[in-house]
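Computed from the coordinates by the stated procedures, all read-outs in this text should not be read as laboratory data. Bear in mind that the values here come from a model prediction, so they are computed numbers and not experimental data. Glycine also receives a Cβ, built like all others from the backbone with ideal geometry; neighbour counts cover every protein chain displayed.
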Amino acid sequence: MVPYIVRRLVVLVGMLFALSLITYILFYAVPTDPASLSCGVHCTPEAVAANRHRLGLDDPFYIQYWNWVKAIFLGRDFGTGYVAMHCDVPCFGFSWNRQMMVTDVITSVMPVTIYLAIGAFVVWMTVGIFTGILAARYKGSIFDRGVMAITLVGFSLPSFFIGLVILIFFVVRWQIVPYPNYVPPTEDFGKFFMCMLLPWITLAILYAAYYTRLTRSQMLDTMNEDYIRTARAKGLPEKVVIRKHAFRAGLTPIVTSAGLDFAGLLGGAIITEKIFGLTGLGSVAIKAVENLDLSILVAITLLGGVFVVVANLIVDILYAAIDPRVRVK
Amino acid sequence: MSELTTEGNSVTSSTNVMVPSTHKGDVILSVNDLSVSFKTHDGLVQAVSHLSYEVRRGQTLAIVGESGSGKSVSSLAVMGLLGSDNANVTGEVHFDGKELISSSADTVRQLRGLKMAMIFQDPLSALHPYYSIGKQLVEAVTAHQDVSKEAARARALEMLNRVGIPSAEKRIDDYPHQLSGGMRQRVMIAMALINDPELLIADEPTTALDVTVQAQIIELLRDLQKEFGTAIVIITHDLGVVADVADDVIVMYGGAAAEQGPVREIFYQPEMPYTWGLLASIPKAGDEGQLDPIPGTPPSLIHLPKGCVFAPRCAFRSQVPDNACATTRPDFEITGPNHAARCHLTTEQRKTIRLDRKIGK
C-alpha cells in the first residue's frame, strides 16, 4: 500500500510540473502587455519600461518561469526601494488590477468556493446514490420510470436556468429564503446556511441527476453478478445483498466520478456563483479574464489542476481500499 | 376425455410421474409437476416442463443433460433464486414441511443457506471479490444464527479445515483471487455446509476445474455427505461424475425428464435413445474409434417439437409406427420399479436395439 501511494505521488509531482509549465506558456503567450496595463492612463514609455523591469518581464521566458516557480516555494521580492514588496510563500505573483498579492486574493475567496462545493457534494451524493439504488431495486416500476424521466430533465437543463428558476420562485415570488448575502459560517451559521442553501441545491440538481443514473446502472450491472446470486443463496436479506454486496461492487466508477466532479467544483462554479452573487474562485476567475489579469488566471488554473490531480490520487487510494485486487499489484 | 389433451408447446401434465427411489432415507425434498417459463422478446421460453422428483436424506440425485435442458433452472426454482421479474414458476416444491412455490419470498429466504444450500459452477465469480473468504463465511453463519462474530469465525475456521484448506487460520483472511480454483470451490462448499443444511444443490461444481481437482472436489462432497447425511442434488453433464457419486439419475432433455432411474440401470439398462446417445458419447480409455456424438442440436425451448422433443435427432423414430414420434408426445412411462422413460419404442424393440448396439455394456 505504501509503495503504491509513493509511486502515485511521484507521478503527481511530474504531472503538476507539466501542468504549471503549460499553464504558464499558454497565458504568457497571450498578446497583452502586463507592464503597460499596470501603468495607468498617463503612461510614458519610460514608466512602462521601468514597470517591465520591476516585474521581471524583460527577462527571457525560462527565467521568468523559473522565478515564478521559485516564488511559490521561496517567496519573492518585487522591485527595490520604496516600491519594494515582499510576497510570502506560496507566492503566485502580484495582481496589478487589484493591487494585491494573488495568494491573498485567492485565500480571501477560497472558503466560499469550498463551502459551496462541499455542501453541493453532500446533497447530490446522498440524493443521487439513494435514489439510484431504489430505482435499480424497483427497476421497471413507476417509481423507476419517474426517476429516469426526472433525471433526464435535470441532467439536460443548464445550471443557469435551474439557478434562475430557483431564484425567481424561492427568493422573489415566495420569499422563503432571502437573497443570498454571504456571511462566514464562523460568524452566523444560520445566516450562512440560508445563504448557501439555494446555491447548493442549484449545483446539486445537475449532479444528483447524473449520479442517480450512474448508481442505477452500476447497481443493475452488479445485481446480475454470480456473487449476488451466492449472497442470496446464503439467505441474506435483500437489503443486505444490495447494500453490502451489490453497492460495494458497483462503487468504483461512482467514486471516480465523485472525486473528479468535486475537484472540478473546487476550481470554481462560475455560473452558480454569478447567479447568487457569491464571490468565490469562479467569479474571481471571470473578473480576471475580463481584465486580462494574467497572474490571477495562471494561479487559478494551476490551482484547479492541483485539485484534479490530488483528487485523482485520493480516488486511486480509495480504489485500493474498496478493491483488494488493486492492493496486491 | 380426448378434448382435454393439450397439444403443442408444453408436455401434458398427465405425463407427470413421481418415480420412487431405491434409497430408503426420509424424503427431504419433493418436487411435484414443476414448470418454469420465461417471457422474452422472442416469445415464451418453456425452460422446465412438469418435472417431478424426490430426494431423500443421504441420497445423491444427479440431474444430467445438455446446456439448456432446464437442469439449472429447475434447481434455481427450487431454491427460490429465479427472481419474480419474468419467470413464471408453477407446481409444488415441498421442503422442510412447507410448500415453497406458494410461500413468501422471506420464508424461502430463511431456509436458504440454513436448510438448503447451493454451490455454483465458477467459484471465482460466485465469491465476492471484495470480501475476504473469512468475512463471507462469517456472514453465512450470522445470517441465520444469533452468535458472536468470534463464534462465527471459529465455525468458519472449523469448516475451512474440514474442507481441506491447508493452514486455514492463515488463509481465512485471504481474498478469493488469492486462492486457486480448487481452493475456491472448497470455500464455496464450506460456506454452503456451514449451517449443516439438509439439502445441497451443486450446480456443475466441477465444470470450471482441472480434472485432478475435479476428482478431489467430488471425493470431498462424498465424504461430507457421509459425515453429515446431507442430501445432494448434483447437476452435471459429466457422466463420469454421475457414475461416481449418484444413487439416482434424471436425464433431462428439452426442459423435461427424458429418463429417470437408479444409476446402475441408467448405465446398464438405459431405456431411451437420448440416454443411449449420451452413453455412446463418453470417451473410454483404450478406445481407438471415434466418439459417437448425437447428431443435431437441442430443441429451441420457444418452439418445442409437437411430438417427442427428441424425435428430430432420434435414429430410431422410423421403428415407431404411424409416425407417432412426430405427432404425439410420449408419456413418462414406468419401465421398472424405480425406472421411467419417455419413449414410443416398445420394451421389446428397446431390448433388441440395446443388444444390437451393445448399449449398456
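If Lys and Arg each add +1 and Asp and Glu each add -1, what is the summed charge of the other residues whose beta carbon sits under 11 Å from the beta carbon of B:GLY261?
-4
Residues of A:233-244, mean number of Cβ from any other protein chain within 10 Å of their own Cβ, rounded to a whole number? Provide the component values of the computation, followed by the final result.
On the way: counts 18, 17, 17, 8, 4, 3, 0, 2, 1, 0, 0, 5.
Partner-chain Cβ atoms within 10 Å, mean over residues of A:233-244: 6.
Taking a cut-off of 16 Å between Cα atoms, list the lysines near B:LYS306, but don't count ones fewer than 8 places away on the same chain.
Counting by Cα, and skipping residues close in sequence, B:LYS306 has no lysines nearby.
Choose one answer from B:GLU54, B:GLU139, B:GLU348: the residue with the largest mean-square fluctuation in a GNM of chain B with alpha-carbon springs under 10 Å.
Comparing B:GLU54, B:GLU139, B:GLU348 in the GNM, the peak value goes to B:GLU348.
Rounded to the nearest angstrom and ordered from largest down, what semi-axes does the equivalent ellipsoid of the stretch B:2-259 get from its C-alpha gyration tensor (root of 5λ)? Could the numbers behind the result be given before it?
Numbers: eigenvalues 212, 73, 63 Å².
Values for the stretch B:2-259, descending: 33, 19, 18 Å.
For the stretch A:109-294, count all C-alpha to C-alpha pairs, find those more than 24 Å apart, and express that count as a whole percent of the total. Don't skip to the end; give the middle numbers.
Details: 8128 of 17205 pairs.
Value for the stretch A:109-294 (Cα pairs over 24 Å): 47 percent.
Grab the eigenvalues of the alpha-carbon gyration tensor for the protein assembly as shown, scale each by 5, take roots, and send me the semi-axes largest first in whole angstrom.
Numbers: eigenvalues 1038, 150, 114 Å².
Those come to 72, 27, 24 Å.
Please give the net charge around B:ASP173, taking every other residue with its beta carbon less than 11 angstrom from that of B:ASP173, where Lys and Arg add +1 and Asp and Glu add -1.
Numbers: positive: B:LYS135, B:ARG153, B:LYS170, B:ARG171; negative: B:GLU169, B:ASP174.
Here the count lands on +2.
What does the highest-first list of A:101-108, B:143-150, B:260-267, B:299-306 look like by mean Cβ count within 10 Å? Working shown, then result.
On the way: A:101-108: 18.5, B:143-150: 12.8, B:260-267: 22.8, B:299-306: 16.8.
For the peptides A:101-108, B:143-150, B:260-267, B:299-306, the packing ranking is B:260-267, A:101-108, B:299-306, B:143-150.
Per-residue counts of other Cβ atoms within 10 Å, averaged by peptide: what ranking do you get for A:125-137, B:191-203, highest first? The partial results should precede the final answer.
Numbers: A:125-137: 20.5, B:191-203: 23.4.
Packing proxy ranking, top to bottom: B:191-203, A:125-137.
Once you've got the Cα coordinates, tell me which of B:LYS39/B:LYS115; A:LYS139/B:LYS98; A:LYS244/B:LYS170; B:LYS71/B:LYS98; B:LYS149/B:LYS170 are over 27 Å apart.
Too far apart for the 27 Å limit: B:LYS39/B:LYS115; A:LYS139/B:LYS98.
What does the average come to when, for each residue of peptide B:128-138, you count the partner chain Cβ atoms lying within 10 Å of its Cβ?
4
Which of the lysines could a cross-linker bridge to B:LYS358, judged by Cα under 19 Å and excluding same-chain residues fewer than eight apart?
B:LYS284
Can you compute the charge dipole magnitude of the stretch B:239-361 about its Cα centre, using +1 on each Lys and Arg Cβ and -1 on each Asp and Glu Cβ, nothing else charged? Give it in debye, rounded to the nearest 20. Please report the intermediate quantities before stating the final value.
Details: 13 positive and 14 negative charges, 63 e Å.
Approximately 300 debye in magnitude.
Determine the distance separating the Cα centre of the stretch B:185-233 from the Cα centre of the stretch A:101-144; give it in Å without decimals.
If you average the Cα positions of each part, the centres end up 48 Å apart.
With unit charges on the beta carbons (Lys and Arg positive, Asp and Glu negative) and the dipole taken about the Cα centre of the protein assembly as shown, which residue among A:THR44, B:PRO270, B:LEU221 sits farthest to the positive side?
A:THR44
Once you average over the residues of B:176-186, how many Cβ atoms of partner chains fall within 10 Å of each Cβ?
1
Given the options A:THR222, A:VAL284, A:VAL153, identify the residue whose Cα lies farthest towards the positive end of the charge dipole of the stretch A:109-294 (+1 on Cβ of Lys, Arg; -1 on Cβ of Asp, Glu).
In the stretch A:109-294, that residue is A:THR222.
Restricting things to alpha carbons, find the Rg to Rh ratio for chain A using the Kirkwood radius for Rh.
My calculation puts Rg/Rh at 1.07.
Based solely on its DSSP helices, what 222 nm [θ] is calculated for the protein assembly as shown when runs of n ≥ 4 H residues each add -39,500 (n - 2.57) and the sum is averaged over all residues, nearest 500 deg cm²/dmol?
-15500 deg cm²/dmol
When Lys and Arg each count +1 and Asp and Glu each count -1, what net charge do the other residues less than 13 Å away from B:THR142, Cβ to Cβ, add up to?
On the way: positive: A:LYS234, A:LYS244, B:LYS135, B:LYS149, B:ARG153, B:ARG155; negative: B:GLU139, B:ASP146, B:GLU150.
Taking every Cβ under 13 Å from that of B:THR142, the sum is +3.
For the stretch B:211-361, would you read off the P(r) tail past 21 Å as a percentage of all alpha carbon pairs?
50
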